[in-house]
Structures are given as C-alpha cells and as structure tokens.
Amino acid sequence: MSKDIAINSICFIEPGKSYLPELEAYTQFLSNFDIKVSRHTSVEQVPDDAGVIWIICGKAPTIPKRFKNTPIVVHEYASASVGRFAFLKDKLKRLLHPKPTYRIFLNKWVERQFNFKDKVPSFYRDMGVPDYFFNTEHSEKTYDFIYVGETSRLLAFHAELSALNQAGKSLAIIGSFDKSVEDLVSTLPHVELLGRKKQSEIPYFLSRAKTGLNLMPTERPYVYQTATKVYEYLAAGLPILSNSYQWIDDLASKHNETIVVKKQLDIKESWLQVDSALINFHPAKNGLEVYSWHAQLNSFGLFQALKLVP
C-alpha cells in the first residue's frame, strides 16, 4: 500500500445524525489544493477510485475487497464514547475496528481512552472556528448571556439556570431542543429558546449578547474535551462565564482576562458578581487566530504526512 501515490480525492464516511462542522472545514480547506471531497453514510456509497477513505468513528466498517488499491484508510475519533458503558464501548471499538493506515484523535486524552496497542501512526486535530467568527460586528445588546450548542446538557443545570433567572439575567439558547428542555425553560421567564441556527448565522446572535455561557456536565468525556462554543465566543470577542472543570480551567489560565470560571453558580449572587468580574474586559482578538480552522488544518500533521499541503 504505497503512500507515494498522488491523492486527488477523499471520501468521508460519516454517521448520519451527527453535527460535524469539521467536515465542512475539511471540504473548504482541501478545495484550495484541488482535492475532491465527497461525503457518504456508508462504505457501499464510496466510488471504487477513492484516493482516501476517511471514516468518522462511530463504527468503522471493514473495507470491501473492491478497494484493494485504495492507498489510505483513516479512522477519526473526535470524542471518546459517551453514555452508559462508555468504557466498554471504547474497548469494543479497540477490539473490533479493523486496522487503518492512520488514526486521528481530538487530543491525547481521547487517544488514551481507546488505548490501541498496534503501531498505527496517529495525529491530533483540535476543533476550530470559521474565519467569519473573527469578523463579528458588535451591536446593541439584547441578552446578558448566550449559550450555543447541545441543549440537553443544560438539564443538569436546573439550579444554576434558576439562579440566573432569579438574578434577573437574560439568556438566549441556540441549538436543537426536545420537550424536556422546553419544559425546563418554560419555568424561566428570562430564558429564551431560539432553536437551531446555521453556523453562519451564529455570529449575529453572539453580537447581541454581553457574555458567552459555557455549562458543561462534570463527567467523562466532556471535562477533557474541547467545547467548540468557547472558541466561537473568543473569536467573536465575547467574555465567557463557565462552570469549573479541567478543560475550561486549563484554557482560562491562558485567557484569564476573558474567561471567568465559577465553582458555584446555583445562587443568584454568583450571577450578579459576573458583571463586576468582567467590568474591565475589552474585546481583543490578537492571538486568537490559533483557534481558526485555517490555523488548525494548516498545521495538521496528517495533511502534511499525506503531502496534501505544501
């Protein structure tokens, strides 16, 4: 299986229901190098002449024999398993997934959870932010706080959201939601569900908020993995309020003028104190380009190993 073959096409196999902004970022980035990108939900849909079969795991299918001339197979693990029996799920993937040419992990912690014992080369690829977030123009503030992302995680923060409401602070929530989230918000007059928005629309809503809110359940794997919304808030020039956990604590140490971490948010006084904590905040984007997709992918080791970028 030669790695010197010129690669002109990459076929991604993705889970059907997942939100994967990285695939849009890959597509836009690779188009600059005349790499044809296609997306599929099963290996059966991939054309015989695919240069690279890139599987977002999930489940990793066995590559049919008709692909015997395919030079590269990539397995990407953007997260460790979640939910009940997460450790068992990771172990089963280690035992059952076929051996690829390369593996990608979000970070070293995710790699350790799978603990593959073979010598397949691995690379790390953090999440990123589209360039247009860095061009967010600030407008009249409609909301004290804004939350973007997986709304089901907010169910673990009923007490905290109640305290926000008691403090008279307003919150806009962007993301798909079900009845359980709707029922929670129905008890909180200062909280508004805006529903799911296109990623390109999110900077507009960020511009109408004073502060970006990050609330993350303090459980595996969330506490060790990137909260993309935080990068989006930073890129848009927003200060950030978050509960405390390892990943955000580490990031806040690099941006202590921008990110306020509170260990207790279930009393209204904590929310009232946020204004004074951020009173000296001045939006600044210098040095934040490292969180852009362009920066992430331009230095992505796998692209360099495949000689896809100069």
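The values are calculated or read from the model by the stated rules, or taken from the named source; none is laboratory data. Here the structure is a predicted model, which is why all the values come from computation and not from measurement. In this analysis, Cβ positions are derived from the backbone assuming ideal geometry, glycine residues included, and neighbour counts consider all displayed protein chains.
Quick notes
- Every residue from the stretch 207-247 that is among the aliphatic types (A, V, I, L, M) and assigned to a loop (DSSP other than H, G, I, E, B): Leu215, Met216, Ala227, Ala236, Leu238
Yes/no per residue for (1) at pLDDT below 90; (2) within 24 Å of the chain's Cα centre (by Cα); (3) under 18 Å from Met127 (Cα atoms):
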{"residue": "Ala284", "(1), (2), (3)": "yes, yes, no"}
{"residue": "Ala295", "(1), (2), (3)": "no, yes, yes"}
{"residue": "Leu302", "(1), (2), (3)": "no, yes, yes"}
{"residue": "Lys307", "(1), (2), (3)": "yes, no, no"}
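- In the set (1) surrounded by 19 or more Cβ atoms within 10 Å (Cβ to Cβ); (2) of a type outside the set (Val, Ile, Thr); (3) out of contact with any strand residue (DSSP E or B) (no Cβ under 6 Å at 6 or more places or on another chain); (4) in a loop (DSSP other than H, G, I, E, B), Lys169 fails one condition alone, (3).
- Lone unmet requirement of (1) within 20 Å of the chain's Cα centre (by Cα); (2) in a helix (DSSP H, G or I); (3) farther than 18 Å from Gly58 by Cα; (4) not aromatic (Phe, Trp, Tyr) for Gln113: (3)
- For the stretch 75-110, filtered to residues that are buried (at least 20 other Cβ atoms within 10 Å of the Cβ) and over 17 Å from the mean Cα position of the chain (by Cα), the residue that is nearest to Glu219 (Cα to Cα) is Lys93.
- For the stretch 111-125, a residue qualifies if it is buried (at least 19 other Cβ atoms within 10 Å of the Cβ) and at pLDDT 95 or above, and exactly one does: Arg125.
- Test result for Ser253, among the hydroxyl-bearing types (Ser, Thr, Tyr), farther than 19 Å from Ala227 by Cβ and modelled with pLDDT under 95: no
- Selected residue (criterion: nearest to Leu23 (Cα to Cα)) from residues of the stretch 126-144 that are polar (S, T, N, Q) and surrounded by fewer than 17 Cβ atoms within 10 Å (Cβ to Cβ): Asn135
- Test result for Tyr231, among the hydroxyl-bearing types (Ser, Thr, Tyr), farther than 26 Å from Phe134 by Cβ and either out of contact with any strand residue (DSSP E or B) (no Cβ under 9 Å at 6 or more places or on another chain) or at pLDDT 95 or above (or both): no
- Number of the exception - Val120 against (1) aliphatic (A, V, I, L, M); (2) without any contact (Cβ under 8 Å) to a residue 40 or more places away in the chain; (3) farther than 25 Å from Glu76 by Cβ: (3)
- Any chance Pro221 is in the same structural domain as Ile248 (by TED's automatic domain parsing) and under 25 Å from Tyr26 (Cβ atoms): yes
- Residue check for Gln225: out of contact with any strand residue (DSSP E or B) (no Cβ under 9 Å at 6 or more places or on another chain), surrounded by fewer than 22 Cβ atoms within 10 Å (Cβ to Cβ) and over 19 Å from Phe157 (Cβ atoms): no
- In summary, Met216 fulfils each of the numbered conditions (1) closer than 17 Å to Val129 by Cβ; (2) of a type in the set (A, V, I, L, M, F, W, C); (3) at pLDDT 95 or above with the single exception of condition (1).
- Condition met for Glu140 (at pLDDT 95 or above, of a type in the set (Asp, Glu) and more than 20 Å from the chain's Cα centre (by Cα)): no
- Checking Tyr147 against (1) hydroxyl-bearing (Ser, Thr, Tyr); (2) part of a helix (DSSP H, G or I); (3) buried (at least 22 other Cβ atoms within 10 Å of the Cβ), the condition it does not meet: (2)
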